[in-house]
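**Q** I have a structure I would like to understand better, so I am pasting it below and will then ask my questions one at a time.
The values are calculated or read from the model by the stated rules, or taken from the named source; none is laboratory data. Everything numeric here is computed off the predicted structure, so don't read it as measured data. With ideal geometry, Cβ positions are generated from the backbone for all residues, glycine too; neighbour counts draw on all protein chains shown. For the accessible areas, the whole protein counts, side chains as well, though only heavy atoms, and no ligand, DNA or RNA atoms are used. Shrake-Rupley method; radii C 1.70, N 1.55, O 1.52, S 1.80 Å.
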Amino acid sequence: MLSKVASAAAQGVDAASVEVEVDVSQGMPKEQVVGLPDAAVKESVHRVRAAMTNAGYNWPYNKRLTINLAPADSRKEGPMYDLPIALGIMAASQQMQAEQLNEYLFVGELALDGHLRPVKGALLFALLAKELKKRGIFVPPENANEAAVVDGIQVYAPPTLPDAAAMMNGVSQLQPVKVDVAALFSQSSLEGLLDLSDVRGQEHVKRALTVAAAGGHNVLMVGPPGSGKSMLAKRLPSILPPFTLSEALETTKVWSIAGKLTADEPLKTRRPFRDPHHTTSYPGLVGGGVDPRPGEISLAHNGVLFLDEFPEFDGKVKEALRQPMEDRKITIARSAATCAFPANIMLVAAMNPCPCGHYGDPKKECRCSEIQVQRYFSKISGPLLDRIDLHVEVPHIPYDELSSERMGSSSTDIRAKIMAARAIQEKRFAGTTAHCNAAMSERQVQDHCKTDAEADELLRNAVDVLGFSARSYGRILKVSRTIADLDGAATITAAHVSEAIQYRNLDRYKGL
């Protein structure tokens, strides 16, 4: 007898429909799984057999068992097919009614005693079930809240295989899991975040971070050890604008497929802040594997990727940042599959001015030669540096500022200014793919970055005299537009351009 059960497969940050076909027939007893299964899927027969027998069901020992995962030309991987395979075998061997099977989508790994274990990508599969107009989706209990974030689809979380079968047989009725998405967003997005007012001094750096957050620009901070670079970067999330629901779902999909969501946090309601160590491998940062999985760049989607000790990262890793910084996505090609993961990141990098960290310090002697300093800076290529909008020097903090009782502007006050500037940008880019000034296309730069005569002359000198590249010129215009937005100005003036040019000082560094 033949049965069919709907399931799914992850493809990047999307899900594709998979139909689990189970045929139990007369013939030489044999168990076969076809449809490009990986090792985990092939092993599912052994887990399902133990789960069924330990749960009190009969295994078709004297039958020929064929399990096909359609479509057969796409690779299937992971243990998520245990539950649909088990239900398919039970339906095909007439131990369970099959009438309702086609109304639901099933995913879940089975323990040997029949309990369900969590899987990766439950949010993606719930979105697929809604798209396919299924009545609901069956997921393990640990994935229930994650899947229930999707509105308009019933989510059931049976603890065991018999619980799922009982509902299909009409013996019992599971209650759908509900999650109040509005309540998740109603929690303070600033709760538990570090405040910029904790940092003494460095007002010009705080101003640069304000500009960066207002326009979604990338930042490179250069300063000696202990000057506060990491301290400032870790407080950046407290001034970023809050998530929209669409942004939250985009980011949560990445975290879902990476298996990093928890039952307590089924939806990412706060912009991510990722700070991988400089020894992180290429696949760890970029993503990869035989079946590609997202790396740190994609986990920081719609948030901040902080790279401390920037020159110490592997050269291949640094250069891999160039595509996502331009295209807002990263493509990973493998023989088995090619996946595009979202990577709309705000890059914040920090580095010392030289290997010893004291180059240009009036108080401490630098032990590095000019060649060593140039070699250190040359670890960051010109094309990569061009893609970083703001270069900010972070000097040592004088004692008077360290001991001062005067508090700087709070993150709440700074965030209000940033949200006002973002509101201007949302209106400006309504109906387009751009979401902030940093994402403007060349055509949008021409349309929205109008300068007055004095500002135009400053830009001419920046290109002809200071030797800025064409890409640097475009970055200056985008940053100038953001500074003007913070001032509520429609036209970019000389003051806005002058400040933006100050943030490109590394372009003129002789070692680059």
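**Q** To the nearest 10 square angstrom, what accessible area does ASP275 show with a 1.4 Å probe?
**A** 80
**Q** Just to confirm, what accessible area per residue do you get for the chain at 1.4 Å probe, in whole Å²?
**A** Using a 1.4 Å probe on heavy atoms only, each residue of the chain averages 43 Å².
**Q** What are the ³J(HN,Hα) values, in whole Hz, obtained from phi via the Karplus relation 6.51 cos²θ - 1.76 cosθ + 1.60 with θ = phi - 60°, for each residue of region 12-23 in sequence order, with x given for Gly and Pro?
**A** Each residue of region 12-23 in turn: x, 9, 10, 10, 10, 6, 10, 9, 8, 9, 10, 10 Hz.
**Q** HN-Hα J couplings of region 388-394 from phi, Karplus 6.51/-1.76/1.60, θ = phi - 60°, integer Hz, Gly and Pro as x?
**A** Result, rounded to whole Hz: 9, 6, 10, 10, 10, 8, 10.
**Q** Working with all protein chains in place, sort SER93, SER197 by solvent-accessible area computed with a 1.4 Å probe, largest first.
**A** Final ranking, largest accessible area leading: SER93, SER197.
**Q** Collect residues whose amide H, placed 1.01 Å from N in the peptide plane, falls under 5 Å from the amide H of LEU307; neighbours closer than 5 in sequence don't count.
**A** Amide H to amide H, under 5 Å and 5 or more residues apart or across chains, LEU307 pairs with VAL348, ALA349, ALA350.
**Q** What's the carbon and sulfur percent of the chain's accessible surface, probe 1.4 angstrom, rounded to a whole number?
**A** Solvent-exposed carbon and sulfur of the chain make up 50 percent of the total.
**Q** Roughly how much of VAL33 is accessible, in Å² to the nearest 10, using a 1.4 Å probe?
**A** 30
**Q** Right, here's the next one. List the trypsin sites (Lys or Arg not before Pro) within region 422-511 that DSSP assigns to loop and that have no more than 16 neighbouring Cβ atoms inside 10 Å.
**A** Answer in residue order: LYS450, LYS510.
**Q** Sort 66-76, 212-222 for me by packing, meaning the mean count of neighbouring Cβ atoms within 10 Å per residue, highest on top.
**A** The peptides rank, most packed first, as 212-222, 66-76.
**Q** Given N residues in the chain, what is Rg(Cα) / (2.2 N^0.38 Å)?
**A** Output field value: 1.17.
**Q** To the nearest 10 square angstrom, how much accessible area does LEU245 have with a 1.4 angstrom probe?
**A** 90
**Q** Here's another thing I want to ask about it. What percent do you get for the relative contact order of the chain when only Cα pairs under 8 Å and 6+ apart count?
**A** 13
**Q** In addition: Ignoring ligands, DNA and RNA, how do ARG117, ARG274 rank by accessible area with a 1.4 Å probe, largest first?
**A** Listed by decreasing accessible area, they come as ARG117, ARG274.
**Q** Starting at the first residue of region 437-453, write each ³J(HN,Hα) from the Karplus equation 6.51 cos²θ - 1.76 cosθ + 1.60 with θ = phi - 60°, in whole Hz, x for Gly and Pro.
**A** Once rounded to whole Hz, the list reads 4, 5, 8, 5, 7, 4, 5, 5, 4, 5, 6, 10, 10, 7, 10, 7, 4.
**Q** How big is region 149-260 on each of its three principal axes, counting only the C-alpha atoms and giving the largest first in Å?
**A** Largest first, region 149-260 extends 68, 26, 23 Å along its Cα principal axes.
**Q** Step through the table entries LYS42/LYS120; LYS229/LYS379; LYS260/LYS478; LYS268/LYS316; LYS318/LYS450; LYS260/LYS329, compare each Cα-Cα distance with 24 Å, and write down the pairs that go over it.
**A** Correct reply: LYS260/LYS478; LYS268/LYS316; LYS318/LYS450.
**Q** Place the peptides 163-173, 139-149 in order of packing, highest mean first, counting for every residue the other Cβ atoms within 10 Å and averaging per peptide.
**A** Highest-to-lowest ranking by the protection proxy: 139-149, 163-173.
**Q** Please arrange LYS316, LYS120 by accessible surface area, largest first, computed with a 1.4 Å probe and ligands excluded.
**A** LYS316, LYS120
**Q** Under the rule of at least 5 residues apart or a separate chain, name every residue whose amide H is placed under 5 Å from the amide H of ILE330.
**A** Sorted by chain and number, the residues that satisfy this are PHE341, ALA343.
**Q** Turning to a different aspect of this structure: Does anyone have the angle between helix 82-92 and the longest principal axis of the chain? Alpha-carbon axes, 0 to 90°, nearest 10?
**A** Between helix and principal axis, roughly 20 degrees.
**Q** Can you tell me which of 151-159, 233-241 comes out highest on packing, and rank the rest after it, using the mean Cβ neighbours within 10 Å?
**A** Top of the packing list down: 233-241, 151-159.
**Q** Per-residue ellipticity at 222 nm for the chain, helices alone: DSSP H runs ≥ 4 residues times -39500 (n - 2.57), over residue total, nearest 500 deg cm²/dmol? Mind dumping the intermediate values first?
**A** Working: 22 runs with 188 residues, N = 512.
My calculation for the chain gives -10000 deg cm²/dmol from helical runs alone.
**Q** Loop only by DSSP, 15 or fewer other Cβ within 10 Å of the Cβ. Give me the GluC sites (Glu not before Pro) in region 390-492 that pass, ordered by residue number.
**A** GLU405
**Q** Of all DSSP beta bridges located in the chain, what percent are antiparallel, nearest 5?
**A** Roughly 50 percent of the beta bridges in the chain run antiparallel, per DSSP.
**Q** What is the helix-to-structure angle for 411-428, meaning the angle in degrees between its Cα long axis and the longest Cα principal axis of the chain, kept from 0 to 90 and rounded to the nearest 10?
**A** Long axis of 411-428 versus the principal axis of the chain: about 80 degrees.
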